Each structure stands twice: as C-alpha cells, then as structure tokens.
Amino acid sequence: MNTAPTAPADSVARIAPLVAELGPRFTRLSDDIWDHPELRWEEHRSVEKQIEIAEELGARISRSIGGIPTAFSAEWGEGGPVIAILGEYDALASLSQASGSTTREPDPGNAGDAGHGCGHNLLGAGSLLAAAAVARRLDAGGLTGTVRYYGCPAEEAAAGKTFMVAAGAFDDVDAAVTWHPADAMSTSQIHSLAYTQAYFRFRGTASHAGAAPQHGRSALDAAELMNIGVNFLREHMDDHERIHYAFTDAGGTSANVVQSTAELYYVVRSPTVARMRALYERVKRIAEGAALMTDTVFEVEFDGACAELLPNRALEKRLHANVIELGGVPYDDDDQEYGRALRAGLPVGAAEARFAQLDLAPGADPLFTGVAPLTDPAQRHRMTGSTDVGDVSWVVPTVQIMGGTHILGTPPHSWQFVAQGKSPAAHKGMVHAAAAMAATALDLVTDPALLDAAKAEFADTTAVTPYDCPIPDGTVPPPLREGYHPA
Ligand SMILES: [Zn+2]
C-alpha cells in the first residue's frame, strides 16, 4: 500500500508544462552527447555543450569543481535552500553501437569505440532540464531559493562525485535529487555497494626464459598468483561482496622473456565502506603474498572509491507522490511498435524476467507505461553494483528516480542500451523523469516541512554512522596526477 503523503497540489501541475516547453532543446543535447561519446575524465565536449545551454538560460557557471577539469555547476536563483540536481555524461569503452539496431554493429558516425551504454547522455541532459525548469519557476513565482545542477564526471568505474564530495562541493547544499535511465519508472529504493578500485603493479627481473630463467623473477607469475589467491578468497567472503579484475599489463608478448612488469586492475565491492576496506586489505595481503612467493616487488595505485547509498525515506515518499501524480511515461503505439522490433535484440529471457518482477502478463508491451510501487523499506533490493551518488547521499539528503527510457529487460552497460539511447521513447522517458525531479526540487524549496523531515532523518542516521570517506587522505583525482593519460 502506498502511504506516501500527498504532494502539494500545484508542484507537478506548475512544473510539468515548463519541462515540456524546454524539453526539445535538451533531447537534442542528449542526442548530441550520444553522438560524441567521451570516456571518464575526458568529457570536455559534453561539458561545453551543457554549459552553452545553461548560459543561454541565464545560469551562473562554476568550472573545474575540486580542480577536476570536467566537473562543473550551473546555478540559478538566490539564497536558501540550495537544491542540487545531479547529472552525469560519461560513456563506456568498447560499446560503439548503431542507433536503433537490433544486432551488434558499431555506430558508423563514431570514430572511437565508446558508447553510451548506461544512458548518461540522457542522464546529464535530463537533470539539466529539470534544473532549468525549476529556475524558471523560481523566477516566475518570485521564490527564494537556489537550484544548482552539478555536472559530475567519471561515474563509470571512477567515482567523480566522491572526489567532488571530498573537495567540499556539496557543503552548502540542503538536499539533492537525481535519476538514472532504466527500463521502468520507479522511485529508486536500492542498496548499492561501496567499492575501491586500484592498480596492482608488480616488478621483477627480465631474463632469457630459456637460457637463463634462474636469473629472472616474473612479475607475470606474481600477477597470476595474486588472481589465484583472490579466487580462493571468494569462498570466504560475504555473499553480497564482489571482486573483479582485469589485466592492464601482462608484461609483453614475448614468451621467451621473463616478464619484468605486470599490472592488474582490481575492483573490490562490499555493502559498507568499513567492510569494503577490510576486504580490500585482504586483497592487498594476497598481493604481498604473491610478491613474496615470486621474489618480486609491487606497488598499489589507488584509482577511485565510492560509498554505498544512504536512502532518505521522507524524500522517497515525496518523489513517489509526484511520480504518481505525473503518471507513467506516455508512450504511444509507435513507441511500442519500435519496442517490439527492438525486443528481438535482447538476451533470451531478459524481457520475461522483468515482466515477472513487475507483475506483468507474458507478452506485455515492451515499454512500461506504469509506475513501479514504493516498497517496504525492509524489502529494499540490494544491487550488487555501485554508484557514486552514494557519497553525495552521505553528505546531504538525496533521492533518485529510475526513469523509464528503455524497453523492459534491456541490460545496462550493453550495446542494446546504447542502441535505444536516441529513440523518441528514451526522449519521453527523460522529459518525464525531469518533471518528477523538478517537482520534487520545487517542493524542497516551497515546503519547509519536507526539507526539515528529510534533514531530521539524515541527521538521525549520520549521528550514529557518520560518512566514512572511502578516498584515502591526500589522494588527488586521477586527471590531476602526474603521468595521467586518458584511458
Ligand atoms: Zn550509469
């Protein structure tokens, strides 16, 4: 049963027409960012395109937040409260994909290999749209308050927001609202995992592998032994924990040379920062063991980290009330027809699994026109992925909506997700999510009781468990490090 309080009668009604009016500029922005995908920390063009529109709409811009070249804010209004709306815009490697295609084929217009496999082209444009609409309403209504769009770089495997939080970027913010493209519109109530990712670099001694192996000390052996050790560790960790790795340097391609260098990239995830740290220490001890066994040395370069999400029930209930008032995404027959064609490209069983989760009949329409219910907080879904929205949620009360932009069962971080990122259905879902975010941000300005309730809940939790920043003291963001080069 939905026990959410009724939203103030006019927030959705007042803001939705403004969002609709501004919408087409921002769907064009989203398409433009889709057409020019940029990887983490390198989103210079995406940032400039967003700033261009924000400036045209009268925003005050702050560039290079925390010294990060692709972090910025666009702000409207005066005085408090200060409401943040968070956006992202980085793409993923190896996911260039033709728009609207049901088979795997690279985008012919894309010179690189990146693609928007997580829909961050929609994410940034939709959040900026929401902020611009709130700005118009503040102005038209003579309301006191500030709305600030945060352009957050490097969400994919890098945690740009964590570095922004560490730099104090959210110190004067009262509450934050954000969203993520998905296959069904819902108020996000997930748990996510904290993580640390780091490079493990082994160094040994090169030698002729046939003539003088006794003089060689193999860094590649050390890397392999580390991976074997971690494989054994996996049996003795919590069910919800995850450890992944990639070889970023296997020492070379000559089998007849003892490899003197090797590098592994590890991601260590756990439900809380404290537990993640403990697991990460175990992984580091395994690296030590591997170095001891092979008579090599190693160093660790910390890359990024994020905290788990801290939910805020007061904000979830209000956002959900606004979502209910808005209704589902208004897809039409053409959208559903497009969706039916695209379903052919989904992994077998993916759509059916989502139908079951959402209590839909087999053979339901591919695009979800409903709103997923708000569930009991005790039943929160534990996502075994991570998001750096987590760190923001530990410094200001934060809420997130999952927007309905893709057909049911579309896996994130897939070429199928990329293929749908410029469709009319994705545009509708983005504008719809922007309306829900804008209405909630407006409520936070006009309804002091809501902001008080969100802050009181936040204060109660963080008094017992304060934010534990997962970035080691003194660590600078990767783009500011000596020797940094794009991925
Ligand atoms: Zn994402």
Find the accessible area per residue for the range 45-165; the probe is 1.4 Å, ligands and nucleic acids are left out, and the unit is Å². 30
Segments 97-107, 381-391, 473-483, 426-436 sorted - mean Cβ within 10 Å per residue, highest first: 426-436, 381-391, 97-107, 473-483
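Using the eigenvalues of the Cα gyration tensor, what equivalent ellipsoid semi-axes result for the range 368-487 when each is taken as the square root of five times the eigenvalue, whole Å, largest first?
28, 26, 16
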Under 18 Å from a label point 7 Å along Cα→Cβ of residue 301: give me every residue in the range 227-258 with its amide N that close. 245-252
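Give, in nm to one decimal, the length gained when the segment between residue 348 and residue 240 is fully stretched (0.36 nm per residue of separation minus the Cα-Cα distance).
On the way: separation 108, 0.36 × 108 = 38.88 nm, distance 2.55 nm.
Contour length minus the Cα-Cα distance gives 36.3 nm.
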Sort 172-179, 455-462, 53-60 by the packing proxy (mean of other Cβ within 10 Å over each peptide's residues), most packed first. 172-179, 53-60, 455-462
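Express the Stokes-Einstein translational diffusion coefficient of the range 1-102 in µm² s⁻¹, to the nearest whole number, given a Kirkwood radius over alpha-carbon pairs, 37 °C and a viscosity of 0.692 mPa s. Intermediate values should be presented prior to the final figure.
Working: Rh = 16.5 Å.
Answer from the Stokes-Einstein relation: 199 µm²/s.
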Please report the accessible area of residue 129 (heavy atoms, 1.4 Å probe, ligands and nucleic acids excluded) in Å², nearest 10. 0
Using bins 5 angstrom wide from zero, how does P(r) for the range 273-432 break down, in % of all Cα pairs? 1, 7, 12, 15, 15, 13, 11, 8, 6, 5, 3, 2, 0, 0
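Sorted by accessible area with a 1.4 angstrom probe, largest first, how do 467, 331, 149 fall? Before the final figure, lay out each step's value.
Details: 467 60, 331 25, 149 0 Å².
Putting 467, 331, 149 in descending order of accessible area: 467, 331, 149.
Rounded to a whole number, what is D in µm²/s for the chain from Stokes-Einstein with the Kirkwood radius over alpha-carbon pairs (10 °C, 1.306 mPa s)? Don't skip to the answer; put the middle values down first.
Numbers: Rh = 23.4 Å.
In µm²/s, the coefficient rounds to 68.
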In whole Å, how far is the Cα centre of the range 113-186 from that of the range 300-329? 12
Take every DSSP beta bridge whose two residues both sit in the chain, then give the antiparallel share in percent to the nearest 5. 70
What does the charge count near residue 380 come to, summing +1 for each Lys or Arg and -1 for each Asp or Glu among other residues with Cβ under 12 Å from its Cβ? -1
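Of the listed pairs 317/422; 161/428; 49/428; 428/455; 49/422, which have alpha-carbon separations greater than 25 Å here? Don't jump to the answer; show the numbers that get you there.
Details: 317/422 31 Å; 161/428 27 Å; 49/428 21 Å; 428/455 32 Å; 49/422 17 Å.
The answer is 317/422; 161/428; 428/455.
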Would you compute, from DSSP H runs of 4+ residues alone, the mean residue ellipticity of the chain at 222 nm, taking -39500 (n - 2.57) per run and dividing by the full residue count, rounded to the nearest 500? -12500 deg cm²/dmol
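Taking 0.36 nm per intervening residue step and subtracting the Cα-Cα distance, what contour gain separates residue 281 from residue 52 on full extension?
Numbers: separation 229, 0.36 × 229 = 82.44 nm, distance 4.46 nm.
Working it through step by step, the gained length comes to 78.0 nm.
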Want the number for residue 35 to residue 231: 0.36 nm per residue separation, take away the alpha-carbon distance, what's left? 66.6 nm
What is the spin-label model distance, in nm, from residue 463 to residue 476 if the labels are put 7 Å beyond Cα along the C-beta direction? 4.0
Compute the signed sum of charges (Lys and Arg +1, Asp and Glu -1) over the other residues within less than 13 Å, Cβ to Cβ, of residue 227. -2
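When 1/r is averaged over all different Cα pairs and the result inverted, which Kirkwood radius in Å belongs to the range 145-295? Write down the numbers at each step before the final one.
Working: mean 1/r = 0.0543 Å⁻¹.
So the Kirkwood estimate lands at 18.4 Å.
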Expressed in Å to one decimal, the Kirkwood Rh of the range 238-348 from all distinct alpha-carbon pairs is 19.5
With the full set of protein chains in place, find how many percent of the accessible area of the range 127-189 is carbon and sulfur; take the probe as 1.4 Å. 38
Please state, to two decimals, what the Cα-based radius of gyration of the range 234-303 comes to when divided by 2.2 N^0.38 Å (N = residues). 1.28
Most to least accessible of 380, 25 (protein chains only, probe 1.4 Å): 25, 380
Accessible surface ranking that places the most exposed of 30, 186, 254 first, with a 1.4 angstrom probe: 254, 186, 30
Two-decimal Rg to Rh for the range 320-389 - Kirkwood Rh, Cα set: 1.01
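Please pull out the direction-averaged projected area of the range 75-191, using the convex hull of its alpha-carbon atoms, in nm² to one decimal place. Mind showing how you got there, number by number?
Working: hull surface 38.2 nm².
If I average the Cα hull's projected area over directions, I get 9.6 nm².
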Once ligands and nucleic acids are excluded and a 1.4 Å probe is used, how much of residue 155 is accessible, expressed in Å² to the nearest 10? 20
Just flag the chymotrypsin sites (Phe, Trp or Tyr not before Pro) in the range 383-450 sitting in loop per DSSP whose Cβ has no more than 13 other Cβ atoms within 10 Å. none
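Calculated FRET efficiency, residue 203 and residue 20, Cβ-Cβ r, R0 41 Å, to nearest 0.05?
On the way: r = 59 Å, r/R0 = 1.44.
The calculated FRET efficiency here is 0.10.
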Area accessible to solvent at residue 88, 1.4 Å probe radius, in Å²: 10
Pair residue 337, residue 171: separation of 7 Å Cα→Cβ label points (nm): 5.7
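Going by average Cβ density within 10 Å per residue, which order do the peptides 288-296, 198-206, 215-223, 227-235 take, highest to lowest? Can you show the working numbers first?
On the way: 288-296: 17.3, 198-206: 20.1, 215-223: 22.9, 227-235: 13.4.
Descending mean neighbour count gives 215-223, 198-206, 288-296, 227-235.
Pairs of alpha-carbon atoms within less than 8 angstrom and 6+ residues apart define the contacts here; what relative contact order does the chain have, in percent?
On the way: 1108 pairs, mean separation 117.8, N = 487.
Once divided by the residue count of the chain, the mean separation gives 24 percent.
The values are calculated or read from the model by the stated rules, or taken from the named source; none is laboratory data. Since this is a predicted model, take the numbers as computed values, not measurements. Backbone-built Cβ (ideal geometry, glycine too); neighbour counts: all protein chains shown. Calculation scope for accessible area: heavy atoms of the full protein, side chains included, ligands and nucleic acids excluded. Shrake-Rupley method; radii C 1.70, N 1.55, O 1.52, S 1.80 Å.
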